[in-house]
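Written below as structure tokens is the structure these notes are about.
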């Protein structure tokens, strides 16, 4: 799997080839059918103007792709010479998609990726803490290795000469330093969940330090993270696993994050449905209003219904966030682009969460947004 962060991807220079196709292996003829499918897609890319270097990169990806089992799909996004995204999808796309365009087409990928929630994962042991921040697109945005020295707790061997007060003070200082890093990382990424794993004593000390720091700074574990409640979840798992090698721990973390993502999605959908009926400026809808908010990087969550958005076009300028429906709103020469490409790119460039929907909300022009306060 190749997975360039979406933020890095939207800063790359086009044109891009975006391909979504059925890669199922559920019959005796599946391998032969997939080969024919890849050959047909290559011909379509060539006719659409893909460069020789782009085609060469995709040829390698087609040939070296993972062997699929059962029904599934595959997403490939490449620039002039490099495959930037190569991901297996949980289901085949409803229809094969082959595009060559100035912007990457990311909406089908976002629709099929498992729901993500901004979070911070902290794994504790006696030598410190591994801290990882992840944004709402599932991209790792920050990593840290805690104090860089053994993380002390109150537990000491009977013969240890350090007094209990000094030991408690040292443990408190270490936990407070890790808590500072965790809270700062959570604030930067807009994390709605902090997951603590590892040794029980160190984990408990850290949770207390995070809660104490939240009280001192005016935040609490349920304070607003962007516009959402933040919670702390503790899991029993021993040892640091920065690469996610502990299967049992990884599964437990995935379950917590899946539950958090489901809660978060239901929360933002309900908030938009309520705010859209009010005139307090908390939400907006339709391409003119939503693109204006994207230009101001004022969008917290962008809602996109691809079926309703359909083949609409918008205008773009030089910067990824420069998107509008009226050329007068752009500083640079306006270029017509597909809205289903330009609007998600602008949201990613502006650090907005993207929430694909399919009929759950009534969105003028297929787009709407909750705004940052």
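The values are calculated or read from the model by the stated rules, or taken from the named source; none is laboratory data. Quick caveat, the model's predicted, so the values are computed rather than measured. When we count neighbours, we look across all protein chains shown, and the Cβ atoms used for this are built from the backbone with ideal geometry, even at glycine.
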(message) Looking at residue 17 and the list (1) touching a helix residue (DSSP H, G or I) at 6+ places or on another chain (Cβ under 7 Å); (2) farther than 12 Å from residue 79 by Cβ; (3) crowded, with 20+ Cβ neighbours inside 10 Å, which single condition is not satisfied?
(response) (2)
(request) May I ask you to list the residues in the stretch 117-131 that are more than 13 Å from the chain's Cα centre (by Cα) and surrounded by 19 or more Cβ atoms within 10 Å (Cβ to Cβ)? (result) 121, 122, 123, 124, 125, 128, 129, 130, 131
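For the stretch 324-350, enumerate the residues that are without any contact (Cβ under 8 Å) to a residue 60 or more places away in the chain and out of contact with any strand residue (DSSP E or B) (no Cβ under 7 Å at 6 or more places or on another chain).
Those that are without any contact (Cβ under 8 Å) to a residue 60 or more places away in the chain and out of contact with any strand residue (DSSP E or B) (no Cβ under 7 Å at 6 or more places or on another chain): 326, 328, 329, 331, 332, 333.
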(request) Considering only the stretch 7-27, state which residues are modelled with pLDDT under 90 and within 14 Å of residue 105 (Cα to Cα). (result) 7
(request) Enumerate the pairs (first residue in the stretch 193-220 and buried (at least 16 other Cβ atoms within 10 Å of the Cβ); second residue anywhere and modelled with pLDDT under 85 and assigned to a helix (DSSP H, G or I)) with beta-carbon separation below 7 Å, excluding pairs fewer than 6 apart on the same chain, so at least 6 apart or on different chains. (result) 197/249; 205/171; 205/175; 206/175; 209/175
(message) For the stretch 103-125, give me the residue count where each residue is in contact (Cβ under 8 Å) with a residue 40 or more places away in the chain, under 20 Å from residue 305 (Cβ atoms) and touching a strand residue (DSSP E or B) at 6+ places or on another chain (Cβ under 7 Å).
(response) 8
(request) Would you mind stating whether residue 270 is crowded, with 16+ Cβ neighbours inside 10 Å and either over 21 Å from residue 317 (Cβ atoms) or modelled with pLDDT of 95 or more (or both)? (result) no
(request) Taking residue 279 as the residue in question, decide whether it is exposed (fewer than 14 other Cβ atoms within 10 Å of the Cβ) and either over 22 Å from the mean Cα position of the chain (by Cα) or not assigned by the TED database to the domain that holds residue 234 (or both). (result) yes
(request) Inspect all residues belonging to the stretch 165-179 and state whether any of them is modelled with pLDDT of 85 or more and surrounded by fewer than 16 Cβ atoms within 10 Å (Cβ to Cβ). (result) no
(request) Could you pull out the residue among 365, 277 that is in contact with a helix residue (DSSP H, G or I) (Cβ under 8 Å, 6 or more places away or on another chain), more than 28 Å from residue 139 (Cα to Cα) and not in a strand (DSSP E or B)? (result) 365
(request) Could you list all residues from the stretch 285-303 that are out of contact with any helix residue (DSSP H, G or I) (no Cβ under 8 Å at 6 or more places or on another chain) and assigned to a strand (DSSP E or B)? (result) 300
(request) Restrict the check to the stretch 323-332 and report whether at least one residue is in contact with a helix residue (DSSP H, G or I) (Cβ under 7 Å, 6 or more places away or on another chain) and part of a loop (DSSP other than H, G, I, E, B). (result) yes
(request) Name every residue in the stretch 87-102 that is in contact with a strand residue (DSSP E or B) (Cβ under 6 Å, 6 or more places away or on another chain) and modelled with pLDDT of 95 or more, in order of residue number. (result) 96, 97, 98, 99, 100
